[in-house]
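Participant: Handing you a structure now.
The values are calculated or read from the model by the stated rules, or taken from the named source; none is laboratory data. Computed from a predicted model, the values in this text were never measured in an experiment. Ideal geometry is used to build each Cβ from the backbone, glycine not excepted, and the neighbour counts take in all protein chains shown.
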Amino acid sequence: MRYTLRQLEVFLATANYENVTRAADSLAMSQSAASGALKDLEQQFDVLLFDRVGKRLQVNELGRLLRPKAEAFLEQARELESELSTHQHVGSLKLGATLTIGNYLAVDLMAEFMREIPGAQISLEVANTAAIARQVANFELDIGLIEGEIQHPDLTVSHWRDDELVVFCAPNHVCAERGQLSDEDLLAAQWILRETGSGTRQAFDRAMHGLLSNQTIALELQHTEAILRAVEAGLGISCLSRIALQDSFARGTLVPLAVPQRDLSRAFYFILRRDKYLSEGIKKWLELCRRPVLGR
């Protein structure tokens, strides 16, 4: 074999960081060793895998073509190493989840995954839909669990489970007396919403078609808990997943508002790179999420 696994690791890390020094740090190597490994790989096959742009190494067309194949090959090698060293079929799993899923669903699923597969290494990155999609497309995450709908040429999107958004307010808010809001009420309200780029905001904007340009958005916040506290303080009304509101409704600190004329249904999705090698860890995670008891 004319190349080594270490050379492939350096190639992929450099493609990710676009900098040999940062790639070397991520692999616990010296900068000179990483540079030598990359140079040897290119010279062995008389190819260039990167365009040199100042201090950046930007992966070129050939590098982009080989990158997913190298990722898949290394993933299979890691699985083999794991089986040889620990007799386990699941190694590390890098998950990404949007805020509602990450805060209210993913942790319980991770706990169940680790109970069933002792020794499995699993990490979770929580961000909005756009950020998770970008990281999955860039090979930084193995799989994403998202709330928003996306279209990306390098990603496959598959339905996971259904969800519902709920409009809500504080018990002493004027809207609480009505219980059900008309479109006129929706236009008169002060809204506290998630930021643009989040799946929740995407679903809200779709549900409010025809009204959106005239609604008053008082605050845009990136965190669900911050929105809950702001609404409890009477600063406005909001719209979030029912999953995130169950405890607040049970305590009576927030109350739901019916909006029957608006479709507030949505779905959660899995996202993967189209050319991603499905390791045993990914397969077992998908199987766990799709179980009726855990997936609903």
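Participant: Looking at segment 76-174, what strands (runs of 3 or more DSSP E) fall wholly within it and have at least 1 residues that are within 17 Å of R290 (Cα to Cα)?
Facilitator: Of the strands (runs of 3 or more DSSP E) lying wholly inside segment 76-174, those with at least 1 residues that are within 17 Å of R290 (Cα to Cα) span 92-97, 143-146, 155-169.
Participant: If you don't mind, there's one more thing I want to ask. Only one of these is of a type in the set (V, I, T), without any contact (Cβ under 8 Å) to a residue 24 or more places away in the chain and under 25 Å from Y269 (Cβ atoms): V136, V107. Name it.
Facilitator: Matching residue, one of V136, V107: V107.
Participant: Which is of a type outside the set (V, I, T) and either over 30 Å from R290 (Cα atoms) or in the same structural domain as Q151 (by TED's automatic domain parsing) (or both), of L245, L240, L228, L219?
Facilitator: L219
Participant: Looking at segment 181-193, can you tell me whether even one residue there is assigned to a helix (DSSP H, G or I), out of contact with any Gly (no Cβ under 8 Å at 6 or more places or on another chain) and crowded, with 21+ Cβ neighbours inside 10 Å?
Facilitator: Yes: one or more hits.
Participant: Taking only segment 204-242 into account, find how many residues are assigned to a helix (DSSP H, G or I), within 27 Å of the chain's Cα centre (by Cα) and either modelled with pLDDT of 95 or more or surrounded by fewer than 19 Cβ atoms within 10 Å (Cβ to Cβ) (or both).
Facilitator: Counting residues in segment 204-242 that are assigned to a helix (DSSP H, G or I), within 27 Å of the chain's Cα centre (by Cα) and either modelled with pLDDT of 95 or more or surrounded by fewer than 19 Cβ atoms within 10 Å (Cβ to Cβ) (or both) gives 13.
Participant: Looking only at segment 265-286, decide whether some residue is assigned to a loop (DSSP other than H, G, I, E, B), of a type in the set (G, A, S) and assigned by TED's automatic domain parsing to the domain that holds L99.
Facilitator: Yes, segment 265-286 contains at least one residue that is assigned to a loop (DSSP other than H, G, I, E, B), of a type in the set (G, A, S) and assigned by TED's automatic domain parsing to the domain that holds L99.
Participant: Going by the conditions given, is R6 assigned to a helix (DSSP H, G or I) and either at positive phi or in contact (Cβ under 8 Å) with a residue 24 or more places away in the chain (or both)?
Facilitator: Yes, satisfied.
Participant: So, one more: Could you tell me how many of the residues in segment 145-180 are over 18 Å from G252 (Cβ atoms) and among the β-branched types (V, I, T)?
Facilitator: The qualifying residues number 4.
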